[in-house]
Amino acid sequence: MSETGAALPVVALVGRPNVGKSTLFNRLTRSRDALVADQPGVTRDRQYGYGAHAGQRFIVVDTGGIGQDDEDIDARALAQTEAALAEADVVLLVVDFRQGIMAGDEAIAEQLRRRGAHVFVAVNKSEGQTSVSAAAEFHALGLGDPWAISAEHGDRIRLLLEQVFTDLPPPRATVTAHRADAIRLAVLGRPNAGKSTLVNRLVGDDRMLTQDAPGTTRDAVASEFMFKDKPYVIVDTAGVRRRARVDDHIEKISVVKAMQAAEQAQIVLLIIDGVNGLSAQDIRLLNLAVERGRAAVIAVNKWDGLSEKERLTLHAQLVERMGSFDFLPLVFISALHGTGLDDLLGAVGDSHRALFAELSTPRLSRALEAAVEGHAPPAIHGRRIKLRFAHQGGQNPPTIVIHGNQTQRLSAEYKRYLTHQFRKAFDLYGVPIQLVFKNSD
Ligand code: GDP
Ligand code: GDP
């Protein structure tokens, strides 16, 4: 038996435009760059990301993009702050040292104080200043001792994070015990895609009622089911499946819940409505899942409702829109009628095997050699980049360590090529592959 852990803390960045929120966001989520860079075509979400500090993972939300269409800047900042408060454990109010306190800062601070939010004031752009002098003026915001940082230069960010995580209330542990050998799934997708219908189909009707009860915490709950004598667990975060209003803020914020569920799962099942096809939000969820190193299976639901012609059109559209996610399996199901579930769980099984595949050093090195023979890395200033040998650095997701020289000069395109070659050689479909490069001279 094992347990599903508690949810990741959520840190939201709020503040006026141009104070440095997205720069701070990039810095906080930077630790994930290695994986993202080597994924074919994965672009990092500019609003949601995973960060890590001293072994503690967290979710970062940059509220800067929320409500971007509003005309009124102050109204927008307040709406963004409201959205952040809905799900954040900690709010970083970012202000600009060079500008000093502006009316907009005061309005946001007032709102945060009124709501009793857990806030740190981050006085950004204070490189070259002592922290005492940079922070002094901002005490007036009435939100405790301000923290002078420089998002661009990385100054004092670690100190700030240390304080953030020291002060954080311990995670609420609403966990459900389950078998350790079960494959852990998270079911994600837009409202109405058919997630609850599928979960009901797999797990049974009863638990849905209990889980949609008000008052459930945001921590993950796990429900076990058996399919063809194999144990599975669906990890879910209260509210992931709750029907969201078709409201921009709600829709965007539910991404955090999807991230929480993906955190606790090994494989993400992205359910899409066959009538609507793959949306921008679906692509965003795939990006986040892959960024986090999760396997993913795309299940096109409501297949029953489509004519033969519609199916062909949809299939073509999906293949085109998936673009660089072409390494993810695509299955067609009807959650309502229970068809396609064999295919779905078959793809899940394959992805799970790929996640935990054991890649022997000789075979990896041979695959590397074959890849280099097929298409050699370019010469840089007349000197060829050499890739000598490879070994496995880890599982879940499969991590391949490649030894060579000047590897920092390899283009993203060449890394994608290598990833593709390893994927083919070891049948690693459905999973992100992490490449790590080591230089020996
Ligand atoms: P946002 O609108 O709050 O997301 O702000 P951005 O992150 O886009 O930053 C606005 C501007 O401030 C950009 O030109 C950044 O390069 C700059 N900036 C961000 N952080 C710092 C910093 O620590 N020091 C300095 N000097 N400039 C910064
Ligand atoms: P959720 O919001 O993603 O949990 O979606 P639901 O499971 O609540 O389903 C939304 C609607 O789609 C409901 O009316 C379901 O009956 C319907 N639905 C779900 N799966 C299917 C399916 O496979 N075929 C058809 N025709 N309708 C479906």
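Can you work out which of the residues in segment 422-441 that are among the charged types (D, E, K, R) and free of Cβ contacts under 8 Å to residues at least 40 places away in the same chain is surrounded by the fewest Cβ atoms within 10 Å (Cβ to Cβ)? Out of the qualifying residues, it is Asp441. Ile271 passes every criterion in (1) within 13 Å of ligand 2 (Cβ to nearest atom); (2) part of a helix (DSSP H, G or I) apart from (2).
For segment 321-339, filtering for residues that are of a type outside the set (Phe, Trp, Tyr) and part of a loop (DSSP other than H, G, I, E, B) leaves 8.
Of all residues in segment 362-393, which are under 20 Å from Val431 (Cα atoms) and without any contact (Cβ under 8 Å) to a residue 40 or more places away in the chain?
Taking segment 362-393 first, the residues under 20 Å from Val431 (Cα atoms) are 363-364, 367-368, 371, 390-393.
Result: Ala390, His391, Gln392.
Can we say Gln281 is assigned by the TED database to the domain that holds Val203, within 16 Å of ligand 2 (Cβ to nearest atom), part of a helix (DSSP H, G or I) and farther than 30 Å from Asp229 by Cα? Spell out how you get there, then give the answer.
Values: assigned by the TED database to the domain that holds Val203: yes; within 16 Å of ligand 2 (Cβ to nearest atom): yes; part of a helix (DSSP H, G or I): yes; farther than 30 Å from Asp229 by Cα: yes.
For Gln281, the condition - assigned by the TED database to the domain that holds Val203, within 16 Å of ligand 2 (Cβ to nearest atom), part of a helix (DSSP H, G or I) and farther than 30 Å from Asp229 by Cα - is met.
Considering Leu161, Leu143, the condition of being at pLDDT 95 or above and not in a helix (DSSP H, G or I) is satisfied by Leu143 alone.
Among the residues in segment 289-300, are any of a type in the set (A, V, I, L, M), modelled with pLDDT under 95, closer than 23 Å to Ala354 by Cα and more than 16 Å from ligand 1 (Cβ to nearest atom)? Yes, that holds for at least one residue.
Given the condition hydroxyl-bearing (Ser, Thr, Tyr), away from ligand 2 (no atom under 16 Å from the Cβ) and either in a loop (DSSP other than H, G, I, E, B) or at pLDDT below 70 (or both), answer yes or no: does some residue in segment 6-24 qualify? Steps first, answer last, please.
Pass one, segment 6-24, residues hydroxyl-bearing (Ser, Thr, Tyr): 22-23.
From the residues that got through so far, the ones that are away from ligand 2 (no atom under 16 Å from the Cβ) too are 22-23.
Now restrict to residues that are either in a loop (DSSP other than H, G, I, E, B) or at pLDDT below 70 (or both): none.
Scanning segment 6-24 turns up no residue that is hydroxyl-bearing (Ser, Thr, Tyr), away from ligand 2 (no atom under 16 Å from the Cβ) and either in a loop (DSSP other than H, G, I, E, B) or at pLDDT below 70 (or both).
Residue by residue, here is whether (1) more than 16 Å from ligand 1 (Cβ to nearest atom); (2) closer than 18 Å to Asn276 by Cβ; (3) free of Cβ contacts under 8 Å to residues at least 12 places away in the same chain; (4) among the charged types (D, E, K, R) holds:
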residue	(1), (2), (3), (4)
Trp303	yes, yes, no, no
Thr313	yes, yes, yes, no
Leu318	yes, yes, no, no
Arg321	yes, yes, no, yes
His337	yes, no, no, no
Gly340	yes, yes, no, no
Leu344	yes, no, no, no
Ala347	yes, no, no, no
His352	yes, no, no, no
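Gln99 meets all of the listed conditions (1) of a type in the set (S, T, N, Q); (2) at pLDDT 75 or above; (3) touching a helix residue (DSSP H, G or I) at 6+ places or on another chain (Cβ under 6 Å) but one, namely (3).
Test Asp33 against the criterion of being at pLDDT below 85, within 16 Å of the chain's Cα centre (by Cα) and not aromatic (Phe, Trp, Tyr), and give yes or no. Give the derivation first.
Working: at pLDDT below 85: yes; within 16 Å of the chain's Cα centre (by Cα): yes; not aromatic (Phe, Trp, Tyr): yes.
Yes: the conditions hold for Asp33.
Could you list, in sequence order, the residues of segment 84-100 that are outside any strand (DSSP E or B) and away from ligand 1 (no atom under 16 Å from the Cβ)?
The first filter runs over segment 84-100 and keeps only residues outside any strand (DSSP E or B), leaving 84-89, 97-100.
Within segment 84-100, Leu85, Ala86, Glu87, Ala88, Asp89 meet the criteria.
The residues listed here are Leu387, Leu359, Leu318; of these, the one that is touching a Leu at 6+ places or on another chain (Cβ under 9 Å) and part of a helix (DSSP H, G or I) is Leu318. For the structure I just gave you, tell me whether Val256 is at pLDDT 60 or above, outside any helix (DSSP H, G or I) and under 25 Å from Pro9 (Cα atoms). Taking the combined requirement at face value, the residue does not satisfy it.
Scanning segment 409-421 for residues that are surrounded by fewer than 21 Cβ atoms within 10 Å (Cβ to Cβ) and not in a loop (DSSP other than H, G, I, E, B) yields Arg409, Ala412, Glu413, Tyr414, Lys415, Arg416, Tyr417, His420, Gln421.
Condition check ((1) within 13 Å of ligand 2 (Cβ to nearest atom); (2) basic (Lys, Arg); (3) modelled with pLDDT of 90 or more) across all residues:
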{"site": "Thr176", "(1), (2), (3)": "no, no, no"}
{"site": "Leu198", "(1), (2), (3)": "yes, no, yes"}
{"site": "Pro214", "(1), (2), (3)": "no, no, no"}
{"site": "Met226", "(1), (2), (3)": "no, no, yes"}
{"site": "Pro231", "(1), (2), (3)": "no, no, yes"}
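The values are calculated or read from the model by the stated rules, or taken from the named source; none is laboratory data. Quantities reported herein were computed from a predicted structural model and do not represent experimental measurements. Every residue, glycine as well, gets a Cβ built from its backbone with ideal geometry; the counts of neighbours run over all protein chains shown.
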